[in-house]
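Read through the structure below, which is laid out as structure tokens, and then see the notes.
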Amino acid sequence: MKTRILHLLELLTVNFWMIPLLFLVMATILSFVNIYLDRMLFTGWGEILPFPFYFKDADNFHSLLSLTASAMLGVTGVAFSITIASLTLASQQFGPRLLRNFMKTQFNQVVMGFFIGTFLYCVLLLQFSSTLEEINLTPVISLTTLLGLIITDLLLLVFFFHHTAMSIQADTIITEVHQELSERLEALFPETLETSEHLPAAALQSQEHERFETQGDVVRVQQAGYLQAIDVTGLRDYVTEQDMALKLAVRPGDFLMQNCGLGWCLNQDALDEAKQAAINSYLIVGNTRTAAQDAEYAVRQLVEIAVRAMSPGINDPFTAITCIDRLGNALAFLLNRQFPAEQYFDENARLRLQLKPFTFSGIMAAAFNQIRQNTAFHVAVIISLLETLRSLAAQARTPEQQSAIRKQADAIYVACQDEIKARADLEDIKACYQAVYRFLPVPSNSQ
């Protein structure tokens, strides 16, 4: 249940209508409350209040409300047009998947919410104050609130222009994506290498793993789409209650094809349709990938920016180098983190649930493979890749990390041999390639 609630909150944050809808509700309540307080407190006070608080003239009050409502509607249209233009530019230059980051920006939603909320507030006050002169009402609170909203809207309009100009810059977008990537990695890999001795070792249950594929029943996918999240707690409790053991062959971010196998189940009884449906119910499947449990989601966003920057239509290697720097920083964080075995046991130390884990080599491949494959002619980008690998090699602590770095360095060096013709460039690349190997032990098969 917790996983589904978090998933729902994640979906709500990327919806552009959520915060504006809340502002519309608040504007409606505020108009009711203000006119009620004015009727209770300031009926018949028009001749008593001093000049700064004298708002008894109904025509002037209605004119101000009409003018404000018309102006807010026009400003909202301008702000909406600017937002659409920014989304179009970001989609063309950085990729359509980056639109999620723009829509998730709460400042834009707050600005739109203030504008349409002020418009609705004025429209409702026009209706509520139609008998202003008949009841001798002085709308002190309502008009004071309106003036406050007008000043706030003007300030937000200026900040909105500044924020839009800043948000479409490549460095700003890359920084925001990298920040999201760092937050996800910290949440998914909280254990450091020094504090992870309590984690179960996969080697202790290797014989159990072999039984899944040879003796287990195949669990079929019942809903096609991207696996967005897994309710691990609920799934673990279910298989334990049913006295089953389950091994999943998919992880968040994978695309599930209809009726394909998503894993194997060891069960004394036959795996009927009811149990198949129950297992599938703990998987959250949707039309798009999300960042909730997908460690490679933000990585692929940075990769997409880098690949597009190196395309002939854009040809911006500096943006690609910035993405490589950010990806290297994320991988450096993972060098000191323990990748959990994703194994869950019952009280009797029996393996009940085995998830498909993320690995350092897999995340590194997702980070560098496509950039390497699209950068054969960009010498500066190749050198940046090798320099990043050199920095990672100096911090590598496990054989898996060293092997993944060595594999990437070899692939980069081989790929550029036939494409780079200038001897000086080849010598620079070779020097960077050799610098990577100075921090890596010699493979045992080459000794």
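The values are calculated or read from the model by the stated rules, or taken from the named source; none is laboratory data. Source: prediction; values computed, not measured. Don't worry about glycine lacking a Cβ; one is built from the backbone with ideal geometry, like all the others, and counts go over all protein chains shown. All accessible areas refer to the heavy atoms of the entire protein, side chains included, with ligands and DNA or RNA removed. Shrake-Rupley method; radii C 1.70, N 1.55, O 1.52, S 1.80 Å.
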Long-range HN-HN contacts of Phe345 with modeled amide H, under 5 Å: Arg352
The chain: most fluctuating residue of Ala274, Ala393, Ala380 per GNM, C-alpha cutoff 10 Å: Ala274
Residue-span extension gain [His62 to Thr214] - 0.36 nm each, minus C-alpha spacing: 46.8 nm
Structure-derived mean projected area of the Cα convex hull in nm²: which label, when the choices are [x] 21.3; [y] 30.6; [z] 19.8: [y]
Nearest 10 degrees, 0 to 90: helix 423-437 Cα axis against the chain principal axis: 80 degrees
Sequence of Trp264, Trp17 from largest to smallest accessible area, 1.4 Å probe: Trp17, Trp264
Where region 224-283 is the region considered: accessible area per residue in Å², 1.4 Å probe: 42 Å²
Set Lys104/Lys247; Lys247/Lys275; Lys104/Lys356 screened for pairs whose C-alpha atoms are more than 23 Å apart: Lys104/Lys247; Lys104/Lys356
Dipole axis of the chain (+1 Lys, Arg; -1 Asp, Glu on Cβ), positive-most option in Thr144, Ser129, Phe80: Phe80
Assigned charges on the beta-carbon of Lys, Arg, Asp, Glu; the chain dipole about Cα centre (debye): 840 debye
Principal-axis tilt of helix 379-395 within the chain, Cα atoms, nearest 10 degrees: 70 degrees
Solvent exposure ordering (accessible area, 1.4 Å, most first) of Lys104, Lys247, Lys407: Lys407, Lys104, Lys247
Under 5 Å, built H, 5+ apart or other chain: amide partners of Leu256: Gly225, Tyr226, Leu227
Relative contact order, percent, the chain [alpha-carbon distance under 8 Å, six or more residues apart]: 15 percent
Residue-wise HN-Hα coupling along region 156-171, computed from phi with Karplus coefficients 6.51, -1.76, 1.60 (Hz; x: Gly, Pro): 5, 5, 5, 5, 5, 4, 5, 5, 5, 5, 7, 6, 8, 6, 4, 4
Residue among Thr398, Leu385, Leu37 farthest towards the positive dipole end of the chain, charges placed on Cβ: Leu385
